[in-house]
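The values are calculated or read from the model by the stated rules, or taken from the named source; none is laboratory data. Predicted model, so just to flag it, every value in this text is computed and none were measured. Positions of Cβ are backbone-derived with ideal geometry, glycine not excepted, and every protein chain shown enters the neighbour counts. In case anyone asks, the SASA skips ligands and DNA or RNA and just uses the protein heavy atoms, side chains included. Shrake-Rupley method; radii C 1.70, N 1.55, O 1.52, S 1.80 Å.
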Amino acid sequence: MNDEDNGNRDSGTRRIVIDPVTRVEGHGKVTLRLDDAGNIAQARFHVVEFRGFERFIQGRMYWEVPVIVQRLCGICPVSHHLGAGKAMDAIAGVDRLTPTAEKMRRLMHYGQVLQSSAVNFFHLASPDLLLGFEAPVETRTIIGVMERYPEVGKWAIMIRKFGQMVIAATGGRRIHPRLCVPGGVNQNLSVEYRDNLRRDVEPVLAWCCQALELHRAFIDAHPELHAEFARIESHYMSLVAADGGLDLYDGRLRAMDAKGGMIFDGIPADRYADYLGEEVRPWSYMKFPYIRALGPEQGWYRVGPLAQLNCCAFIGTPLAEQARRDFMAQGGVRNGSGPVHATLAYHWARLVCMIHCAETIRILLHDDDLQGGDLVVTGEKRLRGISVLEAPRGTLFHHYEIDEQDRIVRANLIVATTHNNEAINRSIRQVAERDLAGRDISEGLLNHLEVAIRAYDPCLSCATHALGQMKLVVTLEDSDGTPILSKARG
C-alpha cells in the first residue's frame with residue numbers, strides 16, 4: 001500500500017494505491033461525500049467506461065446476433081448467446097422449439113449458471129467469507145482459501161470445470177459457444193458426451209451440497225453480520241414458471257414488494273417495457289431501471305439468486321427445494337415470513353441455485369430427447385424479437401428490431417447488474433454509514449465496500465458494455481465537494 005500526496009499538500013488530500021486488483025469483473029469507482037459533521041451524506045457507485053454493443057450491432061443480419069453479441073463478456077457469454085437466440089426465435093416467427101432444441105438450450109444454460117456461480121462464490125467471495133473481511137490482503141485470495149481449506153479449492157476447480165464441460169458438449173466450446181440458430185439449435189448431444197457428463201454430475205452435486213453446509217457454518221458463526229451487513233429492504237423481480245416454480249431459462253415476470261406482496265405477475269417478455277423504465281443519471285454509464293407503477297424513487301428492485309428464491313413458490317428439484325425452505329425460514333427473516341433482505345444472503349441463495357442446476361443437469365442427461373434429430377422450426381418472420389431469461393446474476397432482457405432487409409435497426413439489453421444498480425448504491429451507503437463513518441479508511445475497511453458490491457456478483461462489462469479490469473476508487477469529499485481522501489485499487 002503506497003501513501004501518495006496528490007501534489008496539493010495544503011488541501012490535506014492524499015491518494016493510496018492498493019494492490020491486487022479487486023475481485024470484481026469490470027471497471028468502477030465509489031465516491032463517499034461527508035457532511036459538515038463528518039457523517040456520510042452521499043455514497044455512489046460509478047461505472048465509468050462504455051462499450052456500445054447496442055450501437056455497433058446495428059446493421060448486422062439478425063441471424064448473426066447470437067454469435068456476435070455474446071462477445072459482450074467472457075464470463076457469461078452463454079447467457080447472451082441464449083438471450084439473443086430466444087429473441088431471434090421470435091423474429092423468425094417461432095414460439096415453440098422442438099423438444100430436442102429446448103432441452104439442449106436448457107442444458108447449456110444450467111451448465112453456464114452452475115460454472116459462473118461457482119466463480120463468484122469460490123474464487124471471488126470465499127476469501128472474504130472464510131478468511132475474514134479484514135484478513136491480510138496478501139492472503140485474502142483464492143490461493144489463501146485453498147491453503148486453509150483444500151477441499152474448497154477442489155470444489156472451485158471441479159464444479160466450474162464441469163459446467164464448462166456442459167457448455168462445450170452442447171455448444172462446441174467452453175467460451176463463446178455456437179448452439180443457437182433462429183428457431184432452434186445446430187446439433188444434439190452426442191452419446192459420448194452424455195455418458196461422460198452422467199458420470200461426473202453426481203460428485204458435482206455432492207460438492208455443491210457440501211459447499212452449502214460450509215457456508216451455513218459461516219452463517220451460524222456470524223449471524224448478526226450475515227443478517228445486517230449491507231442489508232437493505234427492497235422489491236424483487238425474477239422469472240417464474242407457469243406454476244410459480246423456479247425457472248431460470250423461461251417463464252413470466254413476477255415482482256414482489258418488500259413485504260412479500262405482489263406488484264405484478266405473469267408478464268411476458270415482450271411487455272417488459274410497459275412495466276419497467278430506465279433512468280439515466282449523469283455520474284454513471286449504467287442505467288437505473290425501475291418499476292413504472294412506483295416511479296424512479298420508489299420503484300427500484302433487486303434481481304439475481306436472492307430475488308429468484310424470494311419470488312418463486314417452490315423449486316422443482318428435491319435437494320434445492322429443501323435448501324430453499326431452510327433459506328426462507330432462517331435466511332434473515334425476523335418474523336419467519338416475507339422476503340429475505342440480507343444482502344449477504346445472495347451467497348446462500350446462489351448455492352441453492354447451484355444445487356438446483358446440478359440436479360436439473362442430472363435429470364436432463366437422462367432424457368432421450370437430447371439425442372433427437374428434429375432441431376429447427378420455421379415460421380413467418382416478424383420485425384421485433386424480445387426475450388428474457390435468468391442469467392447467473394439475474395434477469396436478462398434482449399430486445400431487437402429489424403428492417404425488411406433483415407438488418408438490426410435497434411437493440412436494447414438490460415442485464416442483471418443494471419437492474420441491481422440502485423441496490424448496489426444503497427448497500428454501499430449502508431456499509432459506509434455503519435463501518436466507515438468517522439474512521440480512517442484502512443485497506444480492510446475499504447474491502448467492506450467491495451464485499452457489499454461482490455455479493456451482487458456484478459458484471460460491469462455486461463452492464464455498461466465496458467471493457468477492462470475494475471479499478472475501485474473510494475473518494476471522501478466534504479460537504480462542498482472538496483476531496484479529502486482518495487484510495488484506489490488496481
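What's the extension gain from residue 371 to residue 292 if we count 0.36 nm per residue and subtract their Cα-Cα distance? Don't skip to the answer; put the middle values down first.
Numbers: separation 79, 0.36 × 79 = 28.44 nm, distance 4.42 nm.
Gain on extension, residue 371 to residue 292, equals 24.0 nm.
For a label point 7 angstrom out from the Cα of residue 433 toward its Cβ, which stretches of segment 219-250 have the backbone nitrogen within less than 14 Å?
229-234
Using a 10 Å cut-off on Cβ atoms, rank the peptides 251-260, 391-400 from the highest mean neighbour count down. Numbers along the way, then the final one.
Details: 251-260: 18.7, 391-400: 26.6.
Ranked by mean Cβ neighbours within 10 Å, highest first: 391-400, 251-260.
Within a Cβ distance under 11 Å of residue 377, other residues only, what is the Lys/Arg minus Asp/Glu net charge? All intermediate terms of the calculation are to be shown ahead of the outcome.
On the way: positive: 96; negative: 89, 95, 102, 374.
My count for the surroundings of residue 377 gives -3.
What spacing in nm lies between the two simple spin-label points modelled at residue 55 and residue 220, each 7 Å away from Cα in the Cβ direction?
The modelled label-to-label distance comes out at 5.4 nm.
What's the extension gain from residue 325 to residue 168 if we count 0.36 nm per residue and subtract their Cα-Cα distance?
Values: separation 157, 0.36 × 157 = 56.52 nm, distance 3.32 nm.
Working it through step by step, the gained length comes to 53.2 nm.
Which of 161/381; 103/381; 154/259; 161/259 have a Cα-Cα distance over 31 Å? Could you put the intermediate results ahead of the total?
Working: 161/381 39 Å; 103/381 24 Å; 154/259 39 Å; 161/259 39 Å.
Beyond 31 Å between Cα atoms: 161/381; 154/259; 161/259.
Between residue 210 and residue 242, what FRET efficiency follows from the Cβ-Cβ distance if R0 is 35 Å, with the result rounded to 0.05? Before the final figure, lay out the partial values.
Details: r = 33 Å, r/R0 = 0.95.
E between residue 210 and residue 242, to the nearest 0.05, is 0.60.
Would you mind computing, in nm to one decimal, how far apart the modelled labels at residue 148 and residue 279 are, each placed 7 Å from Cα along Cα→Cβ?
Label at residue 148, label at residue 279, 4.0 nm between them.
Measure out, as a whole number of angstrom, how far apart the alpha-carbon centroids of segment 178-195 and segment 376-430 sit.
24 Å
Extension gain residue 407-residue 102, at 0.36 nm per residue separation less the Cα-Cα distance, in nm? Don't skip to the end; give the middle numbers.
Numbers: separation 305, 0.36 × 305 = 109.80 nm, distance 2.58 nm.
Stretched out fully, the residue 407 to residue 102 stretch lengthens by 107.2 nm.
Each residue of segment 308-324 in turn: what ³J(HN,Hα) in whole Hz from Karplus with 6.51, -1.76, 1.60 and θ = phi - 60°, glycine and Pro shown as x?
Working through the residues one at a time gives 4, 6, 5, 8, 6, 8, 6, 10, x, 10, x, 5, 5, 5, 5, 5, 5 Hz.
Ignoring ligands, DNA and RNA, what percent of the accessible area of segment 76-186 is carbon or sulfur (1.4 Å)?
On the way: 1870 of 3390 Å².
Looking at segment 76-186 in its full context, I get 55 percent from C and S.
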